[in-house]
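S.K.: Can you keep this structure in mind? I'll have questions shortly.
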Amino acid sequence: MAACSRRGLIPRSSILYSGSHVPRNFRSKHTNSRQRCYSRCSIVPHAGSSTPYNALFPSCKARYAYFPLRVRGFRAESTGKWRGGPNFQLGHDPKNKVLGILGMGGIGQAVAMRAKAFGMKIQYHNRRSLPPREESGAKYVSFEELLKTSDVLSLNLSLNPSTKHIISKPQFDIMRDGIIIINTARGSLIDEAALVEALNVGKVWSAGLDVYEDEPNIHPRLMENENVVLLPHIGTATFETQVRPVVLICECIR
């Protein structure tokens, strides 16, 4: 750290990146070359690209809503109710369901790779389409079409003024009934009040969340909902994911 400070470098282990992560005094004080080195070390492409989604994929609705297991049944074990008691419900098979990925960067592409193993059809929306070799068979669609035609929507984009509440009531209104929402990116991408309403009326069947608008506070109605899987922003909490960025930072400094 001392060596980094003398060189005007700030090591930072971060999976998602935005310009606000660079301190203002650093941006104004140091040269462009050092900023580029900072950015390269901070972003560390693909260093943890699969980990945030891995945190929810095995346990949230991406799996339990589509296999003959529901979160209600999953929780039942801790309450002593076999299969959730009399309210047991069947799930759905993921095969041939449509996964919509909003933000097809490194994490989004890792999501697509895992979902393919379950036989899901992949479509995505970015500001621009990817080269065919990076799409790996995924279909590029407009934002509106993504919302209207996806069975599962995974948010994998960064937060900035243009993406805050990118998913709110108008967006929920045009989604398929019974859609599943997964957010492992940034909490404020979703208007939580609108999500709660969509869950209550059945527009959203279930949600898997690792991030929240007002962390560490979680909307109480989300806490109460049996069809929601909640994690305390631990998507990157693995030894491997924390070590990889540090190694890359050291290599960058060299």
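The values are calculated or read from the model by the stated rules, or taken from the named source; none is laboratory data. Worth saying up front: this structure is predicted, and the values here are computed from it rather than measured. All Cβ positions, even for glycine, are placed from backbone atoms using ideal geometry, and neighbour counts span all protein chains on display.
Each row is one residue, and each column tells you yes or no for (1) more than 22 Å from residue 143 (Cα to Cα); (2) of a type outside the set (Lys, Arg); (3) buried (at least 21 other Cβ atoms within 10 Å of the Cβ).
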{"site": "167", "(1), (2), (3)": "no, yes, yes"}
{"site": "173", "(1), (2), (3)": "no, yes, no"}
{"site": "198", "(1), (2), (3)": "no, yes, yes"}
{"site": "219", "(1), (2), (3)": "yes, yes, no"}
{"site": "226", "(1), (2), (3)": "yes, yes, no"}
{"site": "235", "(1), (2), (3)": "yes, yes, yes"}
{"site": "247", "(1), (2), (3)": "yes, yes, no"}
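S.K.: Do any helices (runs of 4 or more DSSP H) entirely within region 33-147 hold 3 or more residues that are modelled with pLDDT of 90 or more, and if so, which?
M.R.: On the way: elements: 51-56, 61-64, 71-79, 106-116, 132-135.
In region 33-147, 106-116, 132-135 are the helices (runs of 4 or more DSSP H) which contain 3 or more residues that are modelled with pLDDT of 90 or more.
S.K.: Please go through region 194-214 and pick out each residue that is at pLDDT below 95, in a loop (DSSP other than H, G, I, E, B) and either of a type in the set (Lys, Arg) or over 13 Å from the mean Cα position of the chain (by Cα) (or both).
M.R.: Within region 194-214, just 202 meets the criteria.
S.K.: In the set 100, 119, 137, which member is free of Cβ contacts under 8 Å to residues at least 60 places away in the same chain, surrounded by fewer than 19 Cβ atoms within 10 Å (Cβ to Cβ) and under 18 Å from residue 180 (Cβ atoms)? Quick ask: steps written out before the conclusion?
M.R.: On the way: 100 fails: surrounded by fewer than 19 Cβ atoms within 10 Å (Cβ to Cβ); 137 fails: under 18 Å from residue 180 (Cβ atoms).
Residue meeting the stated conditions: 119.
S.K.: Within region 163-178, work out how many residues are modelled with pLDDT of 95 or more and either under 29 Å from residue 237 (Cα atoms) or in a loop (DSSP other than H, G, I, E, B) (or both).
M.R.: Narrowing region 163-178 to residues modelled with pLDDT of 95 or more: 163-177.
Remaining after also requiring either under 29 Å from residue 237 (Cα atoms) or in a loop (DSSP other than H, G, I, E, B) (or both): 163-168, 175-177.
Of the residues in region 163-178, 9 are modelled with pLDDT of 95 or more and either under 29 Å from residue 237 (Cα atoms) or in a loop (DSSP other than H, G, I, E, B) (or both).
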